[in-house]
Amino acid sequence: MEKEIKINFEVISSYEQLNDIEKTLFDKAKKIRQNAYAPYSNFFVGCALLLENGEIITGSNQENAAYPSGLCAERTAIFWTSANYPNEKIKKIFVIGGPKDGLSSTPIPPCGGCRQSILEYEAKQKDVIEIYFTSPNGEIIKTKSIRDLLPFSFDGTFL
Ligand code: THU
């Protein structure tokens with residue numbers, strides 16, 4: 001029997017539609033992108049997280065000559081957050097990326113590995129994390145939970 005999985009997402013048509021804190025997150029993700037260390041892919045990604053205490057944590061992708069030793073912007077920011085604020089909930093994640101000297105005109109979604117990590121922290125904090133993946137002038141895609149980006153997910157309940 002064939003079945004369907006329905007996922008929910010919102011399309012935010014432009015930056016102007018964001019509220020003030022969301023605009024700040026967008027701006028910080030865009031700015032930190034410039035600190036990416038991405039000499040191999042030349043693909044610069046920035047990420048900004050909003051914590052429950054109101055703090056904003058940022059990260060960028062960090063590459064390595066031994067390719068798998070690098071890390072995406074999202075995980076750089078999330079792991080640092082959990083290491084330094086183990087009891088603070090992550091409320092929102094903004095991601096923006098593209099070639100070094102330009103931004104992609106379409107929203108860049110988090111990769112599979114980052115989705116799996118975000119899922120782990122939703123489970124850890126027992127609360128959802130809103131994900132926004134963005135393009136500079138175009139649309140922004142928002143999901144209310146990583147579950148919408150990772151159907152049939154594997155988590156600690158299977159272990
Ligand atoms: N990258 C991220 O930082 N986040 C993603 O979700 C997708 C990919 C980085 C990893 C690598 O440094 C570069 O983009 C090209 O894949």
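Here are the numbers:
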{"read-out": "Residue in the range 12-31 that is of a type in the set (Gly, Ala, Ser), surrounded by fewer than 20 Cβ atoms within 10 Å (Cβ to Cβ) and out of contact with any helix residue (DSSP H, G or I) (no Cβ under 6 Å at 6 or more places or on another chain) present", "value": "yes"}
{"read-out": "Filtered residues of the range 33-75 (kept if more than 9 Å from the ligand (Cβ to nearest atom), in contact (Cβ under 8 Å) with a residue 40 or more places away in the chain and among the hydrophobic types (A, V, I, L, M, F, W, C))", "value": "ALA48, LEU49, LEU50, LEU51"}
{"read-out": "Given (1) more than 27 Å from PHE154 (Cα to Cα); (2) part of a helix (DSSP H, G or I), number of the condition TYR40 does not satisfy", "value": "(2)"}
{"read-out": "Residue identified as hydrophobic (A, V, I, L, M, F, W, C), more than 15 Å from LYS30 (Cβ to Cβ) and either surrounded by fewer than 21 Cβ atoms within 10 Å (Cβ to Cβ) or in contact (Cβ under 8 Å) with a residue 24 or more places away in the chain (or both) among ILE118, ILE108, ILE140, ILE93", "value": "ILE118"}
{"read-out": "Residue match in the range 102-113 (condition: among the small types (Gly, Ala, Ser), away from the ligand (no atom under 13 Å from the Cβ), farther than 23 Å from PHE9 by Cβ and part of a loop (DSSP other than H, G, I, E, B))", "value": "yes"}
{"read-out": "Residue within the range 119-127 that is away from the ligand (no atom under 13 Å from the Cβ) and of a type in the set (Lys, Arg) present", "value": "yes"}
{"read-out": "Criterion (of a type in the set (Val, Ile, Thr) and surrounded by 15 or more Cβ atoms within 10 Å (Cβ to Cβ)) met by exactly one of ILE78, ILE7", "value": "ILE78"}
{"read-out": "Output for the range 76-95, where each listed residue is in contact with a helix residue (DSSP H, G or I) (Cβ under 9 Å, 6 or more places away or on another chain) and within 15 Å of the ligand (Cβ to nearest atom)", "value": "ALA77, ILE78, PHE79, ILE93, PHE94, VAL95"}
{"read-out": "Matching residues, the range 53-80, being part of a loop (DSSP other than H, G, I, E, B), under 12 Å from ILE32 (Cβ atoms) and of a type in the set (Asp, Glu)", "value": "none"}
{"read-out": "The listed residue being under 19 Å from ILE118 (Cβ atoms) and at pLDDT below 95, out of ILE32, ILE5", "value": "ILE5"}
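The values are calculated or read from the model by the stated rules, or taken from the named source; none is laboratory data. Everything quoted here is computed from the prediction, not taken from an experiment. Virtual Cβ from ideal backbone geometry, glycine too; neighbours counted across all protein chains shown.
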